[in-house]
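No value in this document is a laboratory result; all are computed from the given coordinates. All values derive from a computational prediction rather than experimental measurement. Every residue, glycine among them, receives a Cβ derived from its backbone with ideal geometry; neighbour counts consider all protein chains shown.
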């Protein structure tokens, strides 16, 4: 590779300052993602198109990546990405979003994209809370957690998103935390290659609007991630009670079934001109 | 040689889209718009386009917007309940200057209403549906021929102005069959593309050239307030004002080119009475003015083929001639408010509402109502 070694600067739009709070996991995610891009041999982002919805994580590519990006309404990044991919299949289409964006308001789109095995990459930053709006309960908030809208503790069970996406048919689904930088970078590399839907859930610290109410700063959140993490291979032998409050990490699905484009081309091959 | 087909309105709409170069359609099933999706599903693979049925209406318009940025002419079709769900993305398409066409085949509402019956209750939703300062372009066909012609026109305007265009149809027009003449040649200009190295995609011209994703422009598209480059400015009042004023100027400075109407009956001189209507209602009106003319009245019908931006001057000119203007519509009174505003006291404006069951007033009923209005 020419032009020197890896630096995230080569991929960032010049003249802008990243907007995330101190201790936010988005910094680690940007580093690991762009490292994966570098390791795959991309010297710039010209082969990519990014889509993101609304929320802190949606600001990762838009407008900070020096690339084409569409910053959509809340929850709609996956459908917009689907349109981009179908219209220009040669582009690598990558969605960034938070847990509220992807697994709350956009959950239907996520499951259908997994069912279709749409040939895009979806990266869901799971900070377990609606961070940008001040820390409301999310579909991923752990039982008992205090948020601004669960002052008495969260009384709903969190959604096991990586597992749901795997069950719905995505070719690849993995979960790691920002405390697992190497595994995360490898997961991004895998998610940027091949066909079908490739999904990575990243459990990420929000010290400002989650940790603060849980009595944890950024370091304590990372320590908790390390202590609570259980590799999926071990988790398979554990009961529900043992797994409560734990973060199951690893690869939930990794297969090479035909993607949406393969299936569409196969069907369209049967079309006869009028 | 132009060719003639006996098509229902929905098929004419789909064929119009194909003729206009539409190569991407995403939709969600809904009565009475289904034939548009079904026909596109069959036809698009034949012409090298792509059809996909999405999981809901937000996803449908979302995919259309993505395909448009990736360079394809794209469309979706729906009815009232789906049109409501699409409003968020219609506002987004307007604010991000994304060309796309949305067909709304109106049915009785609100809510699920009467799914198989015609209505005209979405006039104001088509204008004010998205939150915030939206400027709408809405065309209104009243025959299968116009389902074809105005769908073509919707693409033309949408591509020229870089803005979403709505085709506001209804169940009667969608399902009635009539002769549709397909012209030999339909040419819609290619989108203006930016010159290499350009970094402004959202100004400063009224209609800036639109880059295609993947062509190396590194364009940031956002539904947040943005400057000419597409960079988000979420607090600056000046950036927002500059953007929204340009978007409004873009639509309203083109209003005269968008305006499209048909004046039937007495073309000049004073009128005892005039009608202003659109869509399926106009078909009853056209017969009613014949009845009224045979009774010795000087009458005219102004049929609007483009509702938004509203043709104020056209209506005002009619009001200069008419004693009274009747605005019959299949809703509780929406277009009439706009007519009354444009008439501004020059003539009496009387609304005639008919809702439910998709029943148009008959020409005789309209004529009878008109005779009462003029005191005969």
Debye intensity ratio in log₁₀ form over the Cα atoms of the range A:20-268, taken at each q of 0.08, 0.14, 0.15 Å⁻¹: -0.27, -0.87, -1.00
How big, on average over all directions, is the shadow cast by the Cα convex hull of the protein assembly as shown, in nm²? 32.0 nm²
Quick calc: nm separation of the 7 Å Cα→Cβ label points for residue A:213 and residue A:270 -> 5.2 nm
Those residues of the range A:217-238 whose amide nitrogen sits under 17 Å from the label point placed on residue A:246, 7 Å along Cα→Cβ: A:224-238
Over chain A, what is the percentage of antiparallel beta bridges among all DSSP beta bridges, to the nearest 5? 20 percent
Roughly what % antiparallel, to the nearest 5, for the DSSP beta bridges in the protein assembly as shown? 25 percent
Taking the square root of 5λ for each eigenvalue of the C-alpha gyration tensor of the range B:153-226, the equivalent ellipsoid has semi-axes, largest first and in whole angstrom, of 34, 16, 10
Please arrange A:107, A:32, A:51, A:21 by counting, for each residue, the other beta carbons lying within 10 Å of its beta carbon, fewest first. A:21, A:107, A:32, A:51
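Just check the range B:266-354 against the gyration tensor rule for me: Cα atoms, a ≥ b ≥ c as the square roots of the eigenvalues, rounded for a/c under 1.5, and otherwise prolate or oblate depending on whether a/b exceeds b/c. Spell out each step's value before the answer.
Details: a/c = 1.61, a/b = 1.16, b/c = 1.39.
Judged from the Cα gyration tensor, the range B:266-354 comes out oblate (a/c at least 1.5, b/c at or above a/b).
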Under a point spin-label approximation (7 Å from Cα along Cα-to-Cβ), what is the residue B:323-residue B:337 distance to one decimal in nm? 3.0 nm
If each residue's Cβ is checked for other Cβ atoms within 10 Å, how do B:51, B:155 rank with the fewest at the top? B:51, B:155
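Please say if the range B:122-198 is rounded, prolate or oblate, where rounded means a/c under 1.5 for a ≥ b ≥ c the square roots of the C-alpha gyration tensor eigenvalues, and otherwise the choice is prolate for a/b larger than b/c and oblate otherwise?
Numbers: a/c = 4.66, a/b = 1.24, b/c = 3.74.
Here the range B:122-198 falls in the oblate category.
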Would you order B:79, B:111, B:169 from fewest to most other beta-carbon atoms within 10 Å of each residue's own beta-carbon? B:111, B:79, B:169
Could you give the length gained on full extension between residue B:368 and residue B:31, defined as 0.36 nm per residue of separation minus the Cα-Cα distance, in nm? 118.0 nm
Quick one: divide the alpha-carbon radius of gyration of the range A:148-220 by 2.2 N^0.38 Å and tell me what you get. 1.36
Rounded to the nearest 10 degrees, the helix A:218-228 long axis (Cα) sits at an angle to the longest Cα principal axis of chain A of 80 degrees
Given a 10 angstrom Cα cut-off, can you work out which residue in B:230, B:357, B:214 is the most mobile in a GNM of chain B? B:214
How many percent of DSSP beta bridges within the range B:3-182 run antiparallel, rounded to 5? 30 percent
Figure the gain on full extension for residue B:359 and residue B:192 (residue separation times 0.36 nm, minus the Cα-Cα span) and round it to one decimal in nm. 55.7 nm
Calculate the radius of gyration of the Cα atoms of the range A:77-162 to one decimal place, then report Dmax, the largest Cα-Cα distance, as a whole number, both in Å. 14.8, 50
Square roots of five times the Cα gyration tensor eigenvalues for the range B:3-182, Å: 21, 19, 15
Projected label distance in nm at residue B:229 and residue A:220, using a 7 Å step from Cα toward the beta-carbon: 4.0 nm
Over all alpha-carbon pairs of chain B, lay out the pair-distance distribution in 10 Å bins, whole %, shortest bin first. 5, 24, 32, 24, 12, 3, 0
If you take the Cα atoms of the range A:75-117, find Rg, then find the Kirkwood Rh from the mean of 1/r over all pairs, what is Rg/Rh? 0.97
